[in-house]
Amino acid sequence: MAPQYDAVVVGAGFGGMGAGIELDRLGLSNYVILERENDLGGTWHVNHYPGLAVDIASVTYSYSFEPNPYWSRLFAPGKELKKYAEHVADKYGLRRRMRFGAVVDGARWDEENQHWVVSLASGETVTGRYLLTATGFLSQPYTPPFPGIESFAGKIIHTTAWEDDFDLTGRRAAIIGTGATAVQLVPEVAKKAAALTVFQRTPIWVVPKVDAPIPAPVQKLFARVPATQKAARLVNTSMLEALMVVGVLHFKQAKAMNKGAGLLAKAHLRAQVRDKRTREQLTPHYDFGCKRPTFSNHYFKTFNQPHVRLETSSIDHVEADGIITADGHKTEIDTLILATGFNLWDVNFPAVEIIGRDGANLGKFWRDNRFQAYEGITVPKFPNFLSLNSPYSYSGLSYFTTIEAQMKHMGRLFGELFRRGETTFEVTEAANARFLDTVTDKLGASVFYGGDCATARSYYFNQHGEAALLRPNSTVSTHRQAVSFPLDDYVYGVPA
Ligand code: NAP
């Protein structure tokens, strides 16, 4: 039985859109993009809390083949990213392939028909020869089970479900969490709230953000002479690359650079926060890079304001009108903002149930063994399946470098498949094992294993204590491998 589609893509964020563009390039144009939200853009559709902006410069945080000369700032605000996503969807004809409100429950490999059967929460099924999941890394919001939270009588908002018309003026607010989201949100909430208490469990490294508006003449120059924006991208990407490769991945060989970044962040803190005790509380005691560092010129300063307080005692429980900490102190609030991030390792790998050949369950395989995926994209026993948000897939600091490497991997893989006149592929056990050995070995030199990450509570680490998210390569080498991986790392056609 022929499948309905050449391919089914799950997720209409930048990953899923990149996959769609590549499928078109490969001539696999009969595909559908299933999206659980009511619009496209992934994280940039879901997140619209005050202060949201990229913290990878926009020249780099965009597709290299679709530069946007009109970013208003070096670090564009969130709504420009959403607009950029819409522009890409329109220009590349992706919108007509998208189905919104299509919540995927799971997918099962149909051995007999050699295609995937994808089940939707509505009860409908769709079939595709190939399955590509682009469900994001940070797409399953996490709300900690604080005792008593259900009794809270005020307003509760998770940052991923921000209500744009909710007025914070005069509110007594609490923000729980001090990750990258809170670093952007805290200064904005402080502008309006009558009182703000920030509940911090683990301090975060914050370095200055070298941001500024991009003047209209520069935007015009980028539009007229694209090579100038390309050059700006190259400079910025090279700096990020140095930070990642030298400071994080080669921590053992280049501790000084990592320590330098830590010193910069400490100097930033000293320059911005007057109170010594608050400074001490805001100082991380783990190495820079163990956890995703953040960039802000406003976060630290906010704690100088008389109506803003940093609370570091742990949360014991929530009552109708406040939060009680372990020291017995009650902070009276009427607004509880959860900047508590995402659950990656319990519910996101994979985000939907995936059943492959011989009944293999991807989530169970990853949990019973180790989290793994060949080149961060394919897994043995899962034919015709590309898992774009896999363990060890994230390369570099900008997600776009990962997306584009995966597009190249698709190009090489499908090119070979077509050349052989086959329609089914599967990565070999041996290739997968070799890749896992290589990344494990290389990660030994990284800050994750060579540094002191004991108190970081970083989502880079999974439940087994493995830093199984980032691929320990420069993005240059990731891209090189995407166009040169051994073709016989895959089996093509149905095994005899
Ligand atoms: P996050 O980094 O996971 O931070 C969640 C925060 O909630 C942490 O401070 C965490 O404390 C705290 N928390 C969780 N459970 C808690 C509990 N039971 N009690 C007290 N505190 C608790 O999430 P995020 O800030 O949303 O950021 C996630 C990622 O999204 C970032 O790392 C970044 O990759 C991305 N992001 C990017 C941008 C950007 O590019 N502009 C902006 C925002 C987010 P612990 O640290 O102690 O666990």
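Counting only residues at least eight positions apart within a chain, or on another chain, the lysines with an alpha carbon under 27 Å from that of residue 252 are 209, 266, 291, 442.
Counting other C-beta atoms within 10 Å, and keeping those with at most 13, which DSSP coil chymotrypsin sites (Phe, Trp or Tyr not before Pro) do you find in the stretch 1-86? Please report the intermediate quantities before stating the final value.
On the way: sites: 5, 14, 31, 44, 61, 63, 65, 70, 71, 75, 84; in loops: 61, 63, 65, 70, 71, 75.
Listed in order of number, the matching sites are 65.
I want the antiparallel fraction of DSSP beta bridges within the chain, as a percent rounded to 5. Display every interim value, and only then the final one.
On the way: 26 of 64 bridges.
Percent antiparallel among DSSP bridges in the chain is about 40.
Rounded to the nearest angstrom and listed largest first, the equivalent-ellipsoid semi-axes of the chain from its Cα gyration tensor are 38, 25, 24.
Computed extension gain for residue 368 through residue 494, at 0.36 nm per residue and net of the alpha carbon distance, reaches 42.7 nm.
Normalising the average separation of contacting C-alpha pairs (under 8 angstrom, six or more residues apart) by the number of residues puts the relative contact order of the chain at 19 percent.
So which GluC sites (Glu not before Pro) in the stretch 114-188 pass both tests, a DSSP loop state and at most 10 other Cβ atoms within 10 Å of the Cβ?
When the GluC sites (Glu not before Pro) of the stretch 114-188 are filtered for loop state and at most 10 Cβ neighbours within 10 Å, 124, 163 remain.
What is the helix-to-structure angle for 226-242, meaning the angle in degrees between its Cα long axis and the longest Cα principal axis of the chain, kept from 0 to 90 and rounded to the nearest 10? Here the helix axis deviates by roughly 70 degrees.
Listed by chain and number, the lysines placed with their C-alpha closer than 18 angstrom to that of residue 230 are 220; residues fewer than eight positions away on the same chain are left out. Reported to the nearest whole Å, the Cα centre-to-centre distance from the stretch 61-77 to the stretch 190-227 is 14.
Computed from Cα atoms, the angle from the helix 255-272 axis to the main principal axis of the chain rounds to 40 degrees. Here the stretch 170-279 has an Rg and Dmax of 18.7, 52 Å, counting Cα atoms alone.
The protection proxy used here, the mean number of other Cβ atoms lying within 10 Å of each residue, ranks peptides 444-450, 134-140, 225-231 as follows, highest first: 134-140, 444-450, 225-231. Over the chain, DSSP H runs of length four or greater, each weighted -39,500 (n - 2.57), average out per residue to a 222 nm ellipticity of -9000 deg cm²/dmol. Length gained on full extension, residue 73 to residue 276: 69.7 nm, using 0.36 nm per residue less the C-alpha separation.
Extension gain, residue 313 to residue 441, is 42.2 nm, computed as 0.36 nm per intervening residue step minus the present C-alpha separation.
Nothing charged except the Cβ atoms of Lys and Arg (+1) and of Asp and Glu (-1): what's the magnitude of the dipole of the stretch 101-229 about its Cα centre? Round to the nearest 20 debye. Please report the intermediate quantities before stating the final value.
Working: 11 positive and 12 negative charges, 168 e Å.
That gives a dipole near 800 debye.
Sparsely packed loop sites in the stretch 398-427 (the trypsin sites (Lys or Arg not before Pro) outside DSSP H, G, I, E and B with at most 16 other Cβ atoms within 10 Å) comprise 420. For the stretch 407-496, a Kirkwood radius taken over Cα pairs fed into Stokes-Einstein (20 °C, viscosity 1.002 mPa s) yields D = 140 µm²/s.
Every number here is computed from the coordinates shown, using simple stated rules; none is lab data. Because the structure is a prediction, the values reported are computed rather than measured. Neighbour counts are summed over all protein chains in view; Cβ atoms, including those assigned to glycine, are modelled from backbone coordinates with ideal geometry.
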